[in-house]
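Just below is one structure, and these are the notes that go with it.
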Amino acid sequence: MPDNPRGGATARPAARASAAALPRTMRAVSVAEPGGPGELVTRTIAVPARVGSEVLVRVVAAGVNPVDATTRSGDGVSPGAHSWPIVPGYDFSGVVAESPYAEFPLQPGDEVFGMTAFPRTTGSYAEYVSVPAMSVARKPRVLSHVEAAAVPLAALTAWGAVVDLGKAHEGQRMLIDAGAGGVGHLAVQFGAYFGADVTATASERNAPWLRSIGARRVLDCTADAFDELLTGFDVVIDCSGGDTGRRSLSVLRPGGHLVSLAPGSWPAIREDAEAAGVRVTDFWVTPDGGTLSVIARLIDSGDVQVTVDSVFALEDAPEAHRLLESGQVRGKIVLRISEY
Ligand SMILES: NC(=O)c1ccc[n+]([C@@H]2O[C@H](COP(=O)([O-])OP(=O)(O)OC[C@H]3O[C@@H](n4cnc5c(N)ncnc54)[C@H](OP(=O)(O)O)[C@@H]3O)[C@@H](O)[C@H]2O)c1
């Protein structure tokens with residue numbers, strides 16, 4: 001049995017691109033304690049050891065998601081899930097460096113994209129990440145790694161909300177809040193692909209783009225009181241929560257369905273939904289390589305496009321988070337981590 005380059009015995013020989021080529025250490029962004037973007041510091045740390053059915057991936061690019069900022073600042077789900085220091089980042093695109101066994105479908109050199117074990121395990125702001133094999137899929141052929149890194153968490157969220165919970169279908173009236181975001185622009189396209197009549201909220205500058213990717217109507221959320229102008233929706237995908245989510249209840253038809261991407265965002269959500277005569281479902285994204293494979297096919301066929309707003313080097317993660325927190329992003333922010 002070959003030596004494990006990072007110490008510890010492996011029960012079975014793992015398939016490796018070249019064990020000798022795997023380094024012991026890597027560059028990664030780590031956060032020593034909760035705080036602002038300045039806490040994102042590039043350090044040299046140990047390459048994670050692949051265990052069991054995990055796949056070790058050399059990360060070429062990592063997605064930057066709003067939950068990365070709440071995790072960094074110690075908010076959101078992170079207090080229950082993390083001990084510090086942490087390596088942020090929940091999605092990536094890269095190349096398999098080590099796979100569980102010789103006949104495993106994904107082998108060293110294969111190009112994959114996927115998620116870490118959200119929300120407990122973090123780590124894609126790093127040159128290597130070890131993730132459950134069922135959390136990855138083959139990268140869409142038509143996308144670069146930078147583009148593919150923009151997809152997993154946002155697309156699985158959009159798919160879960162629009163397709164699995166919203167059950168998008170022909171003629172259904174669907175409102176997608178914050179349609180210009182990483183989740184929103186994919187949600188608009190999934191809704192339109194399955195035949196729904198999609199309305200999105202967005203600022204005026206994003207309206208032509210959103211119409212070009214499938215929104216029938218775009219409402220300027222900065223200028224218009226959407227809840228006074230809209231009515232009769234079957235489904236609302238609520239990205240914002242809070243006051244926006246609460247006001248969304250009134251645009252649903254009786255028996256309509258609010259899918260909340262901001263679970264628990266206002267205390268009386270269940271009572272308010274009941275009073276309005278509508279259903280409400282909290283949603284959490286789930287890593288899912290099978291669904292990612294379906295999404296990859298829609299991207300390769302040209303039915304779904306991904307928009308990357310900005311690309312930053314790993315060392316510039318603080319700048320990426322400042323832009324993320326400005327709320328001005330169209331599509332996704334990506335960190336380029338290594339060459340491919
Ligand atoms: N529950 C889950 O599992 C889950 C998973 C992923 C994301 N989320 C949540 O879903 C939300 C969207 O995520 P994301 O990745 O799409 O975020 P994002 O990419 O950062 O969204 C940025 C977009 O939001 C729009 N926006 C900003 N303020 C708005 C407002 N008040 N009303 C409507 N749109 C507004 C902006 O477009 P305009 O300039 O056009 O307004 C901007 O393009 C976040 O709150 C995130 O935490 C939840």
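Residues checked against (1) among the hydrophobic types (A, V, I, L, M, F, W, C); (2) under 17 Å from Ala187 (Cβ atoms):
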position: Ser260; (1), (2): no, yes
position: Ser265; (1), (2): no, no
position: Ala273; (1), (2): yes, no
position: Leu324; (1), (2): yes, no
position: Leu335; (1), (2): yes, no
position: Tyr340; (1), (2): no, no
Residue under question is Glu170, and the condition is that it be within 11 Å of the ligand (Cβ to nearest atom), surrounded by fewer than 19 Cβ atoms within 10 Å (Cβ to Cβ) and free of Cβ contacts under 8 Å to residues at least 60 places away in the same chain; does it hold?
no
Sole miss for Thr231 among (1) of a type outside the set (A, V, I, L, M, F, W, C); (2) within 16 Å of the ligand (Cβ to nearest atom); (3) in contact (Cβ under 8 Å) with a residue 12 or more places away in the chain is condition (2)
Please name all residue pairs, on different chains or six or more residues apart, with Cβ atoms under 8 Å, provided the first residue is in the stretch 280-297 and is under 11 Å from Lys139 (Cα atoms) and the second residue is part of a strand (DSSP E or B) and open to solvent by 30 Å² or more (accessible area, probe 1.4 Å).
Ser293/Arg138; Ala296/Arg138
Going through the stretch 246-276 in order, the residues found to be assigned to a loop (DSSP other than H, G, I, E, B), more than 16 Å from the ligand (Cβ to nearest atom) and open to solvent by 40 Å² or more (accessible area, probe 1.4 Å) are Pro267
Checking the condition open to solvent by less than 30 Å² (accessible area, probe 1.4 Å) and more than 12 Å from the ligand (Cβ to nearest atom), which residue from Phe194, Phe190 passes?
Phe190
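Which of the following residues is surrounded by fewer than 18 Cβ atoms within 10 Å (Cβ to Cβ) and within 20 Å of the chain's Cα centre (by Cα): Ser240, Ser293, Ser301? Step through it out loud before you land on a result.
Details: Ser240 fails: surrounded by fewer than 18 Cβ atoms within 10 Å (Cβ to Cβ); Ser301 fails: within 20 Å of the chain's Cα centre (by Cα).
The match here is Ser293.
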Being assigned to a loop (DSSP other than H, G, I, E, B), within 16 Å of the ligand (Cβ to nearest atom) and either of a type outside the set (Phe, Trp, Tyr) or open to solvent by 50 Å² or more (accessible area, probe 1.4 Å) (or both) is the filter here, so list the residues in the stretch 60-107 that pass it.
Asn65, Ser73, Gly74, Asp75, Gly76, Val77, Pro88, Gly89
What are the residues in the stretch 304-340 that are open to solvent by 30 Å² or more (accessible area, probe 1.4 Å), away from the ligand (no atom under 11 Å from the Cβ) and under 18 Å from Ser73 (Cβ atoms), if any?
Glu319, Arg322
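The values are calculated or read from the model by the stated rules, or taken from the named source; none is laboratory data. Every value quoted in this text rests on a predicted model; they were computed, and no experiment measured them. Cβ: placed from backbone, ideal geometry, glycine included. Neighbour counts: every protein chain shown. The area values use the complete protein model at the heavy-atom level, side chains included, leaving out ligands, DNA and RNA. Shrake-Rupley method; radii C 1.70, N 1.55, O 1.52, S 1.80 Å.
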